[in-house]
Each structure stands twice: as structure tokens, then as C-alpha cells.
Amino acid sequence: MDLHESNGSGWMIRELLHDAGALTVIVPAFNEERRLPRAIHDIAGFLRSQDAEFEIIVVDDGSRDGTADTVAAFQAQDDHLRLMRLPQNQGKGAAVKAGMVGARGDVLLFTDADQSTSIDQLPRLLFPLLRSGFDIAIGSRAAKGARIVTGQVWYRQKLGKTFGVLAKLLLVRGYADSQCGFKCFRREAALAIFPYLTSNTALFDMEVLLLAARRGFRVAEVPVVWRHDPDSRLVYDLRKALAIVRELLRLRREWKVVLPARADVSAWSLNGSGPVDEHRVCQEHHLTR
């Protein structure tokens, strides 16, 4: 049985989650009252079905709708759920940072409220953390073996590719996909990274990878299944595009280094019996100064 083909179904999922110890799942949320009920239901249901020890932290990033009330209603029925509230909208990076710093778990995952990468992909990320000595595992929509079930509309794809080119030129060259909103950390790695983040925007993922490399953490890039949510909260306009470019330039000035394209490749199979096919590799990255 292979983790990347079965999602680790059966005994292996339970064994991985048991070995993980306490798990924290962080969901950043801005005006997500409509999508949160399903996300909370799916995340809690999956983890309960595997007898996992867990907490779910929803970080309300200054929402103007009923996001906080929605979470409070679930809290009344489920003591696994916690609500953190930021007094005003600060950005996804700030919300994830708050959740990571306040988490109680031994293994910490952040995932999006739209569940474009479903919680059932978690065992793919736990495997390199718990069986292969990695400190961080990041979901990837572009690594070999990833599968996109529902793609974005053409203009979002074009914008995403343009952003990817700029990002690789200025900051991060060694990853197929630095921006997937499904990343998992050992506690010690998370606490060595997130308190020091300076980016509150969607670019925080890149700063996370730069900090991880500077601190010598091993990062596995893991192919996942991804489904685009047509009701995405992301809105593209010229003002936001320019703000992203300015943020990229700021990070480039502050870091004065680009994560190198060179990567050492590691691979495994579910039973540890030896090498697996090329599409099942996870890439390990190091920052050299």
C-alpha cells in the first residue's frame, strides 16, 4: 500500500496521527461565516474518525460578518474548537501567525477555510515529518504526483504564473509551489519561525520558507490533491497587484538572498521498503549563504 495513492487509508493514518501526539489545525478566516461550518465539520469529523488528539483554532481576521458567531455556535457543542479574534483585518499571514503562536499541539497544520486541499491529505504531510525526519512538510499543487481536480479560471492561472515567475526571480526558486495553503510543522520549527514573520500578506508563505532555510530546518514538498473553490475570497485588482509587487521587493531588500534552485531529493514509500516512483518524491531544500 502506498501513501500517495491511498491517502494513507486504514491503519497507517491512525498510526501516524497517534505518533503525531497532539495536533493543532489552524484555519485563518476573514468573512467566512458561510464556508466555515463545512470546514469545521469535515476537519473535526476526519480527525475524530481516526481517534486523533486534536484542537482546531479558527483565527477570525477582523471579519465583518458572522464568522465569530458561527465559530462560537460550534464551540458550544465541541470543546476541540477554539476561536481567536484579531481586532481588525491584518491579512492571512497575521492570522496564521497568531494561530501558530497560540497553538498547544505538537504538530501544527494550517489550512484554508475553503478546504481546496482537503484534511484527508494530512497523512501525506505527516509521513515525512514522522517517518523521514523532516521538520516541515508543505502541500504542493505543482510537484510531480499532484492532482488538480478543478482548476482556476484562465485569468487566475495567468496571474498565478506571473506571480510565480516574479517570486522565483526575487525570492524562492527551489519550490514547485510555495503558495499552497496546506503546510505542516513540528512545534519546535513553528515556534522558531512564526514569531519572527514580518509579512502579513499572502507572501508570508515565502518568508516562512526563507526563515526555515536560515534556521536549518528540513522541508519536504509533498504532492496533494487540490480543488479550486469558485467562491474564492481572493479578489484581484491593480492596487492589490502593485501591493504584492512592493511586498516582494521589500522582502528581497531585507533578505538580500534568493533561496537556491538546487534541491536534494528524498523519497519514500508507505512501508519504508525502498525507493518509489519519480512522481512520489518530496524535495528537501537548504539555504546556503
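The values are calculated or read from the model by the stated rules, or taken from the named source; none is laboratory data. These figures come from a predicted structure and were not determined experimentally. Here the Cβ positions follow ideal geometry from the backbone for every residue, glycine too, while neighbour counts run over all protein chains shown.
Couple of notes before you dig in:
- One residue stands out among those in segment 170-214 that are surrounded by 18 or more Cβ atoms within 10 Å (Cβ to Cβ) and among the β-branched types (Val, Ile, Thr): the one that is farthest from ALA142 (Cα to Cα), which is ILE193.
- Within segment 12-43, being more than 23 Å from ASP65 (Cα to Cα) and either of a type in the set (A, V, I, L, M, F, W, C) or in contact with a Gly (Cβ under 8 Å, 6 or more places away or on another chain) (or both) holds for MET12, ILE13, LEU16, LEU17, ALA20, GLY21, ALA22, LEU23, THR24.
- When SER140, SER63, SER132 are checked against the criterion of being within 23 Å of THR201 (Cβ to Cβ) and touching a Phe, Trp or Tyr at 6+ places or on another chain (Cβ under 6 Å), a single residue qualifies: SER63.
- Qualifying helices (runs of 4 or more DSSP H) (wholly inside segment 34-132; at least 1 residues being surrounded by fewer than 24 Cβ atoms within 10 Å (Cβ to Cβ) and without any contact (Cβ under 8 Å) to a residue 24 or more places away in the chain): 36-49, 67-75
- Hey, THR111 of a type in the set (Ser, Thr, Tyr) and closer than 17 Å to ALA190 by Cβ or not: yes
- Qualifying residue in segment 36-45 (condition: among the aliphatic types (A, V, I, L, M) and touching a Lys or Arg at 6+ places or on another chain (Cβ under 9 Å)): no
- Checklist (1) modelled with pLDDT of 95 or more; (2) touching a helix residue (DSSP H, G or I) at 6+ places or on another chain (Cβ under 8 Å) applied to LEU16, failing item: (1)
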